[in-house]
Structures are given as C-alpha cells and as structure tokens.
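Worksheet: the structure to be examined is printed underneath.
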Amino acid sequence: MKKQLCKFSGWLSPIFLFCLIFSPLLCSQASAGISGDFNRALKEGTPSLTLRFSYEYSDVDDPAGHKPANALTLRTRLGYRTGEFFHTKAFVQFHDMANPIDQYRWPGGGDAKYDVVGDPDGTRVQQVYLDVNLPAATTLRMGRQEIKLDDVRLIGAIDWRQNGQSFNAVSLKSRAISDLTLYASFINRVQTIFLTDVKLDGLILLNAKYTGLADQNISTFCYLLDTRDKTPTARDSATYGLRVKGKINVLNYDFTYAHQGDYKDGEDHNGNMFNAFLGAKLELINFGAGYSYISGRSNNSRPFDTLFSTAHKFNGWADTFINTNGGTLDNGLQDIYVQAGTRVMGVTCKAVYHYFDTTEDFGGFDSAYGDEIDLLLVKKIGANLKVLAKYAYYNEKNNSGTLASNLAGGFDEQVFWTRVIYSF
C-alpha cells in the first residue's frame, strides 16, 4: 500500500523543529563554555529503538460478507533523548509502520473486501518535545507527546495498535508536595491511530494523585474537552472523577467513578462511568473479578464518552465496544468479567471471560449483547526481546448487530495476534 506521510502540524511543531535544527548553530555563536555544554548534552544522550513485528487475523461474521483480514506489519520507532542543557532535555521519536501483507481495511482506507484491522501504513513523528526542569520538583513538557493518566481509561497512548496516539500539548507535572503528584496539560491536537489529526480548541487535563497512605493510591481528575464543533451536538464535555487503587495483604482493588456533564457548546451530557475490580495474587496464580458500567442514551442524555482512552485494554480484546471513545454506544454497557493468570516456565498466561449487557433499552433493544473469551501468552527472552500470542472470541447472542447502527453489540468475531518485539 502507498504510505501516508504525516507532516508536522499545529503551533507547537515549528517551535521544536527550530529548537532541534538550529540550536547547534545558535550555540556555536555563544561562548566556548556554553557550546561545550551543548555538545556534551548531545553526546551524553540516549538512543532508543523498538521493532514490533506483528501478525493479526480477524474474522467478523457480518452480513456484508467481508473476507477474513490478514495483516503482517512492522512498527519501527527510533528515538533520541539528549542530556541536560540549561535544565532542559529534548526528545524526538520517529515512527514508521509497514505492511508486507495488507489484506485488510481500516476507516478511510485499505482493501474493502476484507475485515478491519486498524493499522494503516505510514510514517510520522510520534513524539518531539522539550522537558524543562523547574524549581520545586516540577517539570514542564512542551511539544508532541504521549500522555497516559491513571489506568488510561480516559486518556492514553493506545499502544496496542501499531500506530499509537499522541498529543500536541504543554504539560506540567509537579511533586513539590510530599506524596502528591499534580499534573496539568493543555492540548490542541491529537494524532490518531489512523495517522490522522484531530484539531481541538482545547483539551484541558487536570489530575492529582496522592500516595501517602500505605499500599493505596487516590487520584482525582477533571478533563475539559472543547472541540471545534460549535453545534449543540458537539462532543464538548466536562468529565470529573475519582480513582482509588490499593492492596490489603494478598487482595488488590481498583475503583473508578466518573461523571460527565456539559461544557462549552456540547449539550445533553449527563453520563456516568463506574469500574470496579477485586483480585488476589497467590504464589502460583492470580485471579480476580470486575464490573464496568458505562451509561448510554437515556431520555435526552447522551452516552458517556471515554474520551481519548486506550479502549482495547477494557471490555474485551475483540474491540466490539471501542465506540465508547466518542460516546456513540447508545445502549451503554455493563461488562461483568472474571480473569486468572499464572506463570509457567517463564511464560505469562492470562485468561479472561466477559459477559456484556446493556444499561439502556434505547431503540427497543434491551437484551444482552454477548460474551467473550480472551487468552494471552507472553514470553520474555533476555532483556530486549519479547514474544506473545493473543486470542479473542466474541459471541454475539441475539444476531441483532447492524453495520449502520450502535443499537446492538456487533457480530461474532475471532481475532488472533502473534508478535515479536525487540527494544533497547
């Protein structure tokens, strides 16, 4: 396939292109001491490389009769982080995704005969930013960056897909107060997994995490989304929430609640999300059970929008319900799941069972969506190499899914992945 070339864009990018390209020239005009410090910062930097070779097979039993997808892809990421120069470090990371076997389609491209694999081929700058160390254990980060907050349920990098997600942002992180991490960010553009850009009037992220209690973390957050859509149906929303995570002896727990209301131009936001997990880790096995609730469309209230999350991590690896990102799952979602894992001869094994139900009967659909089995094997080989195999089978119970509607839970689907990952 012809590759997409994603260019620098947005008001942040020219700043950092200037810094990275012209700083050596500017420093050469300064004193020998300053120039020497700059050269030392470059020489003392750290390169990084990740090669991720992936095969994905996806077979969806849909009425359109698409052929099963086969995707053989290679993700390459090459980065460099400088040493410190005047309390500042720079990082740049280049990204390329090639697909030797491209029997698949994705939103906006690919071969229409096949099922979907969300990995278009292309090249872009994944990250390029400056880190400025400020007084009182505070860091200012400016530029294109990956952002992962809490369990990435609302804001994440979508790293499972071969093309991840990053943000043009100015971020501030402070640990000036003992046991408290404060984070704030302003974002004006999102680089998506489909190698497209989403321009925003602004996304404000505010997050505070307290770790002063033994074996327990408490986070509060406020995320304010302002898109460029000026109509009442705009995605604009304000999301507030609380997360508590910790352990008691062998038991571990993780609870999150979030409420979503109107902000800027968006109207009729009145949604809720609740996630609960309780597990135990014994010597040979770990297991647990969880419940996830995402409200749908009820009366005049719109479905809860999980914003820019790493949705693949939640609610089944077949990705039947990833349209919670964007807030278009009209019937909402209840996900009841159990999981178990162990480690045998250096291989990490995990199995998960999900039962999916609705939260609303919007459009007259009030039956359960279906269930899913997920399986994972991971093996590390030395310090730099990892191999994995992953499988998901989603069983749609009512044969009520349609290609043009969000009223029901998709179609029967099997997905299989195998990957080899090398990094340093």
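A short reminder: the numbers here are calculations on the coordinates, not readings from a lab. This structure is a prediction, so every number in the text was calculated from the model and none was measured. Glycine also receives a Cβ, built like all others from the backbone with ideal geometry; neighbour counts cover every protein chain displayed.
Criterion first (within 24 Å of N133 (Cα to Cα) and in contact with an Asp or Glu (Cβ under 8 Å, 6 or more places away or on another chain)) does T227 satisfy it? Spell out the reasoning first.
On the way: within 24 Å of N133 (Cα to Cα): no; in contact with an Asp or Glu (Cβ under 8 Å, 6 or more places away or on another chain): yes.
When the stated conditions are applied, T227 does not pass them.
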Of the residues that make up the stretch 53-62, is at least one in a strand (DSSP E or B), surrounded by fewer than 19 Cβ atoms within 10 Å (Cβ to Cβ) and either without any contact (Cβ under 8 Å) to a residue 40 or more places away in the chain or hydrophobic (A, V, I, L, M, F, W, C) (or both)? yes
Apart from one, (1) surrounded by fewer than 22 Cβ atoms within 10 Å (Cβ to Cβ); (2) more than 30 Å from Y253 (Cβ to Cβ); (3) hydrophobic (A, V, I, L, M, F, W, C); (4) touching a Phe, Trp or Tyr at 6+ places or on another chain (Cβ under 9 Å) all hold for L149; the odd one out is (2)
Exercise. Within the stretch 234-256, identify whether any single residue is outside any strand (DSSP E or B) and out of contact with any Asp or Glu (no Cβ under 7 Å at 6 or more places or on another chain), and answer yes or no.
Key: yes
Going through the stretch 199-220 in order, the residues found to be surrounded by fewer than 18 Cβ atoms within 10 Å (Cβ to Cβ), among the hydrophobic types (A, V, I, L, M, F, W, C) and touching a residue at least 24 places away in the same chain (Cβ under 8 Å) are A208, L213, I218
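Limited to the stretch 102-140, what total is found for residues that are in a loop (DSSP other than H, G, I, E, B) and in contact with a Leu (Cβ under 7 Å, 6 or more places away or on another chain)?
Number satisfying all stated conditions: 1.
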Only one of D319, D330 is over 21 Å from Y393 (Cβ atoms) and either of a type in the set (G, A, S) or surrounded by 15 or more Cβ atoms within 10 Å (Cβ to Cβ) (or both), namely D330
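Would you check if A136 is at positive phi, in contact with a strand residue (DSSP E or B) (Cβ under 8 Å, 6 or more places away or on another chain), touching a residue at least 40 places away in the same chain (Cβ under 8 Å) and surrounded by fewer than 16 Cβ atoms within 10 Å (Cβ to Cβ)?
So A136 passes the test.
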